[in-house]
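See structure below.
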Amino acid sequence: MLYGVHLLPLAAVWGASYLFIEVALDELAPATLMEIRLLLATAVLAVVLFARTSVGDTWRGLRRIWKSALILGCFNAAVPFTLIAWGQTRVDSGVAAITIATVPIFVVLLATRFRRTERVRGLRLAGILLGLAGVGVLAGVDPVGGLPAVVGIIATTTASLCYAAGTLYTQIKLERVSPILVAFATTAGGALLLLPWAAVEAPGTTPSWKVIGAVVALAVLGTAFAQIIYYRMIALFGSTRASLIAYLVPPVALIYGTLILDEPLTLNVLLGLALVLIGIAFGSGLTWRCRTVAPQAS
C-alpha cells in the first residue's frame, strides 16, 4: 500500500511533465525552459525544507553533500532535463516518455559495474536487450520525422542513462540523507550548472500566460513535488524498485499526448512501448522480484 501511495501520484505528475514541456517549448528554448523550471522548483523546495528544519541545520547538511549535489544536479537535473526538452523539439511527448522508461534497464546495467552483487544473465539479460530493441523500434527504419526524430530519440535515451546514473549514485552515496534535502540540493545544483547556457538562450519577449502556467506546473508538480516523492521512494524501497515508476509514466504520457495534444498513436509507438515495458519487467528482475516483495508491499 505504501509503495502505491508514492507510485501513482508520481506517475500522474511525471506523465504530465512531457505535456507541460511540449506546451512551453512553443515559446521557450530548451535550456531556458529547464533553468526556469529548476529555479522555481528550488524556491518551492526551500520553503518546504525550511519549514521542517532550521536554516543552520540545512546549511550544515548542504556543506556535507555539496559535491554530491553538483553531481546529482548534473545527472538528475540539468543534463537530462535539457536533453528531454531538446529531444521533444523533434519527437512527440509520448515517444520521449517511452525512451525515458528505459531507466530501470540502465540502472541494472550500471549496477553490474558499480555494485558487484548485481549480475545480469539469463532472462534479465534478454530483458535488457528487448528493452533496448524497443527504443530501436521507436526510431524505426523510416521513422516519422526522419533523421531529426532519430536524433531526438537518441537525446532522450541519453537522458534516461543520466537518470539511471543519478538514481544509483543517490542510493550509494546519499542513502541516509533527508530526501527533501537531496531534492533541494539537486535542483539548486542543476540550476547553477545550467545558468550560463540558459542565459544565452533567454527569450527577448515575455512568454504568454499559457506557457507561464505550463512552466509553473512543470516546476511545482513535475519537479519539486516529484523529486520529494522519488527520493523518498529510493530511501524506502531502493533504486531498482523506485525506478519502476518507468512502467506507468509512458502510458500516462501517451494518454495526455493523444487526448490533449492530438499526437498520433502509430504502430511503431505501441510496439516500442510494449517491448520497452516487457524488457523492463525481465531486465529489472520484476518477474521474480514480485513473488518476494509483494507481500511486504501490500
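Report note on the peptides 50-58, 266-274: ranked by the mean count of other C-beta atoms within 10 Å, highest first, their order is 266-274, 50-58. Working from label points 7 Å from Cα in the Cα-to-Cβ sense, the W66 to I212 distance is 3.5 nm.
Quickly rank 63-73, 85-95, 179-189 as a protection proxy: mean count of other C-beta atoms within 10 Å, highest first.
By packing density, highest mean first, the sequence is 179-189, 85-95, 63-73.
Sorting D26, D262 by the number of Cβ atoms found within 10 Å of their own Cβ, with the fewest placed first, yields D262, D26. A straight chain from A51 to V200 at 0.36 nm per residue would run longer than the Cα-Cα distance by 50.2 nm.
FYI, it's all coordinate maths here, none of it is from the lab. Because the structure is a prediction, the values reported are computed rather than measured. Reconstructed Cβ throughout: ideal geometry from the backbone, glycine too, with neighbour counts over all protein chains shown.
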